[in-house]
1. Charges only on Cβ, +1 for Lys and Arg, -1 for Asp and Glu: so what's the dipole of the chain about the Cα centre, in debye to the nearest 20?
2. Give the percent of DSSP beta bridges with both residues in the chain that are antiparallel, rounded to the nearest 5.
3. Tell me what the chain gives for mean residue ellipticity at 222 nm when only DSSP H runs of n ≥ 4 count, each as -39,500 (n - 2.57), the sum divided by the residue total, rounded to 500 deg cm²/dmol.
4. Which of the listed residues, Pro52, Val70, Phe85, is farthest toward the dipole's positive end in the range 32-85, when Lys, Arg count +1 and Asp, Glu count -1 at the beta-carbon?
5. Accessible area per residue, 1.4 Å probe, Å², for the chain: what's the number?
6. Can you pull the percent of the chain's accessible area that's carbon plus sulfur, 1.4 Å probe, other chains left in place?
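The values are calculated or read from the model by the stated rules, or taken from the named source; none is laboratory data. Worth saying up front: this structure is predicted, and the values here are computed from it rather than measured. Virtual Cβ from ideal backbone geometry, glycine too; neighbours counted across all protein chains shown. Ligands, DNA and RNA are stripped out before the accessible areas are found, and what is left, the full protein with its side chains, is counted by its heavy atoms. Shrake-Rupley method; radii C 1.70, N 1.55, O 1.52, S 1.80 Å.
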Amino acid sequence: MSWTWEYAFGAEEAARTAPPAFLAEVTRKADELVRAAEAQHLHGRAHAGDDPPGGSMVVPGGMFTYQIVVRSQRVYVIQITYLGF
């Protein structure tokens, strides 16, 4: 299995009602986070330490909150917030 990202918890439900342009920005940034995590954690499955702290990303139209889980080789988008700006 290789690094990827996915929605977690209620973020997937929120994504169903968000505008496509906003979701495209979330996807673009989440893809960037995946590439960065993969480069930083080359041997993700063998990772024995704590996961890095999650964070928030501001994108055009709103923001999203994410968490990186190294052993799962996943970036989870936990919450998306569409603000319309």
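1. 100 debye
2. Approximately 75 percent, going by the DSSP bridge assignments.
3. Mean residue ellipticity at 222 nm (helix-derived): -9500 deg cm²/dmol.
4. Val70
5. 60 Å²
6. Here it works out to 55 percent.
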